[in-house]
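See structure below.
The values are calculated or read from the model by the stated rules, or taken from the named source; none is laboratory data. Only a predicted model underlies this, so the values are computations on that prediction, with no experimental measurement involved. Every residue, glycine among them, receives a Cβ derived from its backbone with ideal geometry; neighbour counts consider all protein chains shown.
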2 protein chains.
Amino acid sequence: MSQWCNFRQLLGRHQLRPTTLRLRVLEILGAAPQALPVQKILALIRTERSVNKVTIYRILGDFCNLGIIRKINPEGRSTFYELACEHHPPHPHFQCRRCGEVQCLESISLDHLCEELKEVLGPGALRVEIRVEGICPKCQALTPKKV
Amino acid sequence: MSQWCNFRQLLGRHQLRPTTLRLRVLEILGAAPQALPVQKILALIRTERSVNKVTIYRILGDFCNLGIIRKINPEGRSTFYELACEHHPPHPHFQCRRCGEVQCLESISLDHLCEELKEVLGPGALRVEIRVEGICPKCQALTPKKV
DNA sequence: GCTCATTTTTCAACTAAGTTGCAAAATAAC
DNA sequence: GTTATTTTGCAACTTAGTTGAAAAATGAGC
Ligand SMILES: [Mn+2]
Ligand SMILES: [Mn+2]
Ligand SMILES: [Zn+2]
Ligand SMILES: [Zn+2]
């Protein structure tokens, strides 16, 4: 998604050392066209080297607390993550019931919807997560509708 | 939430026998002013009798597949459920970062927001889940903001 | 370069939610 | 009452994520 960020600089701004793993996690999230589950991130790194899952969980947890990445809670047991840099303002997501993938609906601004919601919610609302559920085009194609 | 439904009838319509446990689950969800986590449902029933968690998971799973109840995926590891009868059309939810409770924002109609989203999504969208995150009034009161 | 303090990564063990297959119990149909 | 079907329970398992403490890597001061 974002080749535009300087990840070393980003980490520095948050007093985090630019270790190989931290940079790799950011690169992976930055290159992904969609939000990724932890397992996928782990698997990608493990094609190159060995890592302990605890390390990845801790890296993701730290990034999330600092607001560098966003955590997404989709249907199912695994959590997904995506970059939260200025090139990726918050947006709704689409999750496929078949394959479980989580697509970004970047064309839909959350700001607009949030305005409506905030009228009712007041200032207590810190974040809004919108998840649309359905069948993705890829899966639709696999099982064409019977006529 | 809903004392207005005839649960025996509801189960009958779906060819499910009106067993004590199934009715109890519906009553609990119907009486709750908010969505409940599985653990809470289990705990409530266990104040009255002994139950195996598997049974509850199966009852909730069946209800969910039949559209009798709705599953909510909040932050955290436990799933929440709520009645999905005609008295409870889909609506956004508010989840507190402190206590984790999931309140229903019934005053906000999803239909309106869905219209906007559907323009972009086409007919592939089967369901929309909106989750607002923040601090609930109860928890706000416990930790008053420092002036 | 060497020493010490701090940060990062690993390891092993654990927790908690949810699942599976099958047996026991309850219920309905005959 | 006997039998077939549905529901519930039991035990064992899976999977995502967590914990605490040790080992390894790094950085600062010398
Ligand atoms: Mn996204
Ligand atoms: Mn609700
Ligand atoms: Zn799909
Ligand atoms: Zn609260």
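Quick one: would you say B:His87 is more than 12 Å from chain A (Cβ to nearest Cβ) and either touching a Gly at 6+ places or on another chain (Cβ under 7 Å) or assigned to a loop (DSSP other than H, G, I, E, B) (or both)? Give the steps one after another, and end with the answer.
Working: more than 12 Å from chain A (Cβ to nearest Cβ): yes; either touching a Gly at 6+ places or on another chain (Cβ under 7 Å) or assigned to a loop (DSSP other than H, G, I, E, B) (or both): yes.
When the stated conditions are applied, B:His87 passes them.
With the condition kept exactly as written, say whether any residue in the stretch A:137-147 is outside the structural domain of A:Thr20 (by TED's automatic domain parsing), under 28 Å from B:Tyr81 (Cα atoms), surrounded by 11 or more Cβ atoms within 10 Å (Cβ to Cβ) and away from ligand 4 (no atom under 16 Å from the Cβ).
Let us first name the residues in the stretch A:137-147 that are outside the structural domain of A:Thr20 (by TED's automatic domain parsing), namely A:137-147.
Pick out the ones that are also under 28 Å from B:Tyr81 (Cα atoms) and you get A:139.
Now restrict to residues that are surrounded by 11 or more Cβ atoms within 10 Å (Cβ to Cβ): A:139.
Remaining after also requiring away from ligand 4 (no atom under 16 Å from the Cβ): A:139.
Checked the stretch A:137-147: at least one residue is outside the structural domain of A:Thr20 (by TED's automatic domain parsing), under 28 Å from B:Tyr81 (Cα atoms), surrounded by 11 or more Cβ atoms within 10 Å (Cβ to Cβ) and away from ligand 4 (no atom under 16 Å from the Cβ).
If I ask for residues that are of a type in the set (Gly, Ala, Ser) and under 17 Å from B:Leu42 (Cα atoms), which ones from the stretch B:58-77 would you list? Reasoning before the result, please.
So in the stretch B:58-77, the residues of a type in the set (Gly, Ala, Ser) come out as B:61, B:67, B:76.
Within the stretch B:58-77, B:Gly61 is the sole residue that qualifies.
Specify the residue that is nearest to ligand 3 (Cβ to nearest atom); the eligible residues are those in the stretch B:90-112 that are charged (D, E, K, R) and more than 10 Å from chain A (Cβ to nearest Cβ).
B:Asp111
This table checks each residue for (1) of a type in the set (Lys, Arg); (2) within 19 Å of the chain's Cα centre (by Cα).
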site: B:Thr20; (1), (2): no, no
site: B:Leu29; (1), (2): no, yes
site: B:Leu36; (1), (2): no, yes
site: B:Arg49; (1), (2): yes, no
site: B:Asn52; (1), (2): no, no
site: B:Arg58; (1), (2): yes, yes
site: B:Arg77; (1), (2): yes, yes
site: B:Glu86; (1), (2): no, yes
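Condition test on B:Glu115, is it part of a helix (DSSP H, G or I), exposed (fewer than 13 other Cβ atoms within 10 Å of the Cβ) and more than 16 Å from ligand 3 (Cβ to nearest atom)?
Spelling it out, B:Glu115 is indeed part of a helix (DSSP H, G or I), exposed (fewer than 13 other Cβ atoms within 10 Å of the Cβ) and more than 16 Å from ligand 3 (Cβ to nearest atom).
Of the residues that make up the stretch A:33-56, is at least one among the hydrophobic types (A, V, I, L, M, F, W, C), outside any helix (DSSP H, G or I) and without any contact (Cβ under 8 Å) to a residue 24 or more places away in the chain? Before you say what the answer is, go through the steps one by one.
Going through the stretch A:33-56, the residues among the hydrophobic types (A, V, I, L, M, F, W, C) turn out to be A:35-36, A:38, A:41-45, A:51, A:54, A:56.
Pick out the ones that are also outside any helix (DSSP H, G or I) and you get A:35-36, A:51.
Then keep just the ones that are without any contact (Cβ under 8 Å) to a residue 24 or more places away in the chain; that gives none.
The answer is no; no qualifying residue exists.
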